1. Residue check: is A:E254 within 23 Å of A:H95 (Cα to Cα), crowded, with 22+ Cβ neighbours inside 10 Å and not β-branched (V, I, T)?
2. Restricting attention to the range A:54-62, does a residue exist that is part of a loop (DSSP other than H, G, I, E, B), touching a Ser or Thr at 6+ places or on another chain (Cβ under 7 Å) and farther than 22 Å from B:L342 by Cβ?
3. Please indicate, with yes or no, whether at least one residue in the range A:151-173 is on the phi > 0 side of the Ramachandran plot and more than 8 Å from chain B (Cβ to nearest Cβ).
4. So, in the range A:224-253, of the ones that are in contact (Cβ under 8 Å) with a residue 40 or more places away in the chain and not in a loop (DSSP other than H, G, I, E, B), which residue ends up farthest from A:V75 (Cα to Cα)?
5. State all residues of the range A:71-85 that are farther than 25 Å from A:V294 by Cβ and hydroxyl-bearing (S, T, Y); if no residue qualifies, say none.
6. Does A:A323 fit the bill of being assigned to a loop (DSSP other than H, G, I, E, B) and closer than 21 Å to A:K63 by Cα?
7. Surrounded by fewer than 20 Cβ atoms within 10 Å (Cβ to Cβ) and free of Cβ contacts under 8 Å to residues at least 24 places away in the same chain: which single residue out of B:G39, B:G102, B:G97, B:G19 fits that description?
8. Against the condition within 18 Å of B:A146 (Cβ to Cβ), away from chain A (no Cβ under 14 Å), more than 23 Å from the chain's Cα centre (by Cα) and polar (S, T, N, Q), how does B:S304 come out, does it pass?
Number of protein chains: 2
Amino acid sequence: MQVSFKTQKSSQAIRSASGQVQTLYLAPNDVAQIVRRHGVGKVTAGMAAYIREDFLRWAQFDKSARTAAHSDAGVIELMPTADDQLYSFKYVNGHPGNGAVGLPTVMAFGVLADVATGAPMVLSELTLTTALRTAAMSALAAKHLARADSKTMAIIGNGAQSEFQAFAFAQMLGIKTFHLFDVDLSATARLQCHLERAGLNVKTFTSTADAVRGCDVVTTVTADKKYATIITADMIEPGMHINGVGGDCPGKTELAAGVLRQASVFVEFEPQTRIEGDIQQMPADFPVTELWRVFAGEAAGRTSDAEVTVFDSVGFAVEDFAALRFMKDAALEMNLGQTLELIAQSADPKDLFGFVGQAQTAEQGTFA
Amino acid sequence: MQVSFKTQKSSQAIRSASGQVQTLYLAPNDVAQIVRRHGVGKVTAGMAAYIREDFLRWAQFDKSARTAAHSDAGVIELMPTADDQLYSFKYVNGHPGNGAVGLPTVMAFGVLADVATGAPMVLSELTLTTALRTAAMSALAAKHLARADSKTMAIIGNGAQSEFQAFAFAQMLGIKTFHLFDVDLSATARLQCHLERAGLNVKTFTSTADAVRGCDVVTTVTADKKYATIITADMIEPGMHINGVGGDCPGKTELAAGVLRQASVFVEFEPQTRIEGDIQQMPADFPVTELWRVFAGEAAGRTSDAEVTVFDSVGFAVEDFAALRFMKDAALEMNLGQTLELIAQSADPKDLFGFVGQAQTAEQGTFA
C-alpha cells in the first residue's frame with residue numbers, strides 16, 4: 001500500500017463505542033515502522049507538506065511562548081500551540097551530560113488534542129519525530145532558498161540529526177553528494193556508512209573549511225553549547241545556502257556574525273529566533289524574513305544565483321503540530337498504535353466519585 | 001498490606017535492564033484501585049501529607065506561570081513546576097459544553113520527570129487525582145483555619161468534586177454531618193446517597209442560606225462560570241470557615257466581596273489567586289496570607305473562635321506535583337501500573353538513525 005500523505009482534516013476526539021475518550025498512543029517502534037516502510041526521504045517529504053500547509057495558515061495559530069524549567073543539569077521545556085481545531089504540545093529536554101549515563105541528550109514526546117472538547121487524541125514519541133521534522137523543515141526552507149541546481153551539501157557535525165538532514169535533502173532537492181566533517185571521526189564514519197549504503201556519494205574531510213569548499217548547501221548541526229564560529233565569513237562562496245541547525249538556544253551559535261551580515265537570513269518565528277538562533281549575536285534590528293511569508297509568496301526567497309542565504313533554524317511548535325498530524329495520519333493508515341486510557345469518565349459526568357466504583361477490581365499489569 | 005504513605009525520596013529515572021527509559025503509566029483504573037483499596041478519606045489524608053511536605057519546601061519550587069490556550073469552546077492549560085529533583089506538569093482542559101457531548105467538563109493527565117536527566121518517570125491520569133488533591137488541599141487548609149471543634153459542613157454545589165470534599169473533611173477534621181444544597185436536585189440526591197452509604201449524616205436544604213445556617217465549615221464548589229455571589233455577607237456567622245473551591249478562574253467567583261472583607265483570607269500562591277480566585281474582585285492590596293507560611297509557622301492561621309476564615313482555593317501546580325508523587329508511591333506499593341515506552345533510544349546516542357533499524361519488524365497492536 002502506498003501512503004498518500006494527504007492531509008486528513010478530522011480533528012474530532014476519538015471515542016469508543018461507549019463514548020469513552022480514547023487516546024492513540026504511538027510508541028517509538030510505531031514511528032520507526034512508519035519510517036522503515038516509507039524511508040526517511042519520503043517521510044520527511046510528506047511531513048514537509050504538512051508543515052508547509054500549516055505555515056500557510058500562520059495567522060490562525062496561537063503562538064505561545066514555550067515554558068522552560070532550567071536546572072544545573074539541563075532544561076525541560078513545554079512547547080504548546082493551537083489552531084481553531086487542534087492543540088498540540090511537545091515535552092522536550094536538553095541535558096548535555098546524559099551521554100555519560102547512557103541516555104539521549106534530547107528526549108521528547110507530545111500530545112495532539114481536540115480544541116472543541118479538550119480531549120487528548122494522540123500521545124506520541126517525539127524524539128525520532130523531532131529529528132524528522134527538523135530535517136523536513138530544513139529541506140522545505142532550502143527548496144525556497146538554495147539554488148535550484150544545487151548538487152552538493154556539506155554536513156558539519158555528524159551526530160544524531162545528520163542522516164535525517166541528508167536523506168531529506170536527497171529526496172526533496174535531489175542532492176546526491178555530501179561532504180562530511182566532525183571532530184568525532186567515528187560519527188563521520190557512521191554517517192558515511194549509512195549514506196553510502198543508500199547509494200549516496202560521500203567525501204570526508206579533516207576540516208570544516210575543506211568540507212565546505214565548493215558546496216551549494218552547507219548544513220551545520222554541531223552539538224557544543226557555546227558561542228562557536230563553525231562557519232566563518234572566509235568560507236562563504238557566492239550562491240551558497242547555509243542551513244544552520246545547531247545554533248538553537250541562548251548561548252549556542254555556529255555562524256560568525258560576518259556570515260550573517262553578508263547573507264539574507266530567514267527564520268521560523270522571529271521573536272523566538274532572536275533569542276535562540278544564531279541571530280542572537282546580532283542587533284535587534286538585524287533584518288530577517290519569516291519563512292511563512294516566503295511560502296505564501298508575500299516575501300522573496302532567493303533572488304539571484306549569487307545571493308548567500310541562511311536559514312537560522314531553531315525549531316518551532318507549529319512544526320511539531322504538523323509532525324504530530326502527519327504521524328497520526330500515517331499510523332492510522334498502517335493500523336499502528338495502541339489505545340491508551342488517560343481520562344477517568346463516569347456515565348454521569350457529575351458523578352466522578354462513581355468512577356471509583358466502576359473501576360475493574362482485578363489488579364492488572366506489573367511495573368518492572 | 002497497609003500502605004504507609006511515607007514519602008519515597010528517589011527521583012531517579014526508571015531504567016530497564018538494558019538502560020532504556022521506562023515510564024510508569026497509571027491509568028484511571030489504577031488510580032481508582034488505589035482509592036478503593038484505601039478509601040477516599042485515607043487517600044486524601046495521605047496526599048495532604050505530601051502536599052504539606054512540598055509546601056514546607058515552598059522556596060525550592062520553580063513556580064512558573066501556566067500556559068493557557070483559549071478557544072470559543074474552552075481552555076487547555078499546561079501547569080508545570082519543579083524542585084531540584086523532580087519536574088511535573090499537568091494538562092487540563094475546561095470545556096463547559098462538554099456535558100452535552102457526554103464528556104467531562106474537566107479532563108487531566110500529567111507527567112513526573114527526573115530533573116537530573118529530563119527522563120519522563122510517570123505518566124498518569126489526573127482527572128480523578130485532581131479531585132482528590134483539591135479535596136486534600138481543602139481539608140489541609142481547614143486543619144489550620146477551621147475551629148478545632150467543627151462538627152458540621154455545608155456543601156453548596158453537589159457536583160463531581162463534592163464527595164471528595166466530604167470524605168476528606170470526615171477523615172481529616174472528623175466532620176460527620178453535611179448540609180447539602182444544589183440547584184440540581186438529582187446531584188444532591190446522588191451525593192446524599194453516597195455519603196449516607198458511608199455512615200455520614202446528611203441534611204438537604206432548598207436554599208444556600210438554609211444549608212449554611214449553623215454550620216462550622218461552608219464549602220462552595222459550584223460550576224457556573226460567572227461572577228456569582230453564592231455566599232453573601234448576611235449568611236456568615238462568627239467562627240465560620242469558608243472553603244471556597246469553585247471560584248477558580250477569571251470571571252468565576254462564588255463569594256460576595258462583603259464576605260471577603262469580614263474574613264481573614266488564605267491562598268495558595270498569591271500572584272495566581274489574585275487573577276483566578278474570589279479575590280479577583282478585590283483591590284490589589286487586599287490582604288491575604290499564603291498557606292505555606294501558616295504550615296511553616298511563619299504566619300498565624302485561625303487566631304480566635306470568632307474569627308471568620310476563608311480559603312480562596314484555585315489549585316496550584318505544586319499540589320499536582322505532590323499528588324503525582326503520592327500516586328507513584330501508592331501505585332508502586334500495590335504493584336499497579338504498566339510500563340510505557342515514550343523515548344526512542346539507540347545503543348549509541350549519536351546514532352538515532354540506527355533506531356529505525358533496531359525497531360521490531362512485526363506490526364503490533366490495533367487502533368479501534
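1. Details: within 23 Å of A:H95 (Cα to Cα): yes; crowded, with 22+ Cβ neighbours inside 10 Å: yes; not β-branched (V, I, T): yes.
Spelling it out, A:E254 is indeed within 23 Å of A:H95 (Cα to Cα), crowded, with 22+ Cβ neighbours inside 10 Å and not β-branched (V, I, T).
2. Taking the range A:54-62 and keeping what is part of a loop (DSSP other than H, G, I, E, B), we get A:56-57, A:61.
Of the ones still in play, those that are also touching a Ser or Thr at 6+ places or on another chain (Cβ under 7 Å) are A:61.
Narrowing the set further to residues that are farther than 22 Å from B:L342 by Cβ leaves A:61.
Yes, some residue in the range A:54-62 is part of a loop (DSSP other than H, G, I, E, B), touching a Ser or Thr at 6+ places or on another chain (Cβ under 7 Å) and farther than 22 Å from B:L342 by Cβ.
3. Filtering the range A:151-173 for residues on the phi > 0 side of the Ramachandran plot gives A:157.
Filter once more, keeping what is more than 8 Å from chain B (Cβ to nearest Cβ): A:157.
Checking the range A:151-173: at least one residue is on the phi > 0 side of the Ramachandran plot and more than 8 Å from chain B (Cβ to nearest Cβ).
4. It comes out as A:H241.
5. Across the range A:71-85, the qualifying residue is only A:S71.
6. Values: assigned to a loop (DSSP other than H, G, I, E, B): no; closer than 21 Å to A:K63 by Cα: yes.
No.
7. Residue meeting the stated conditions: B:G102.
8. Details: within 18 Å of B:A146 (Cβ to Cβ): yes; away from chain A (no Cβ under 14 Å): yes; more than 23 Å from the chain's Cα centre (by Cα): yes; polar (S, T, N, Q): yes.
So B:S304 fits the description; yes.
The values are calculated or read from the model by the stated rules, or taken from the named source; none is laboratory data. In this text the structure is predicted, and so the values were computed from the model without any measurement. Glycine also receives a Cβ, built like all others from the backbone with ideal geometry; neighbour counts cover every protein chain displayed.
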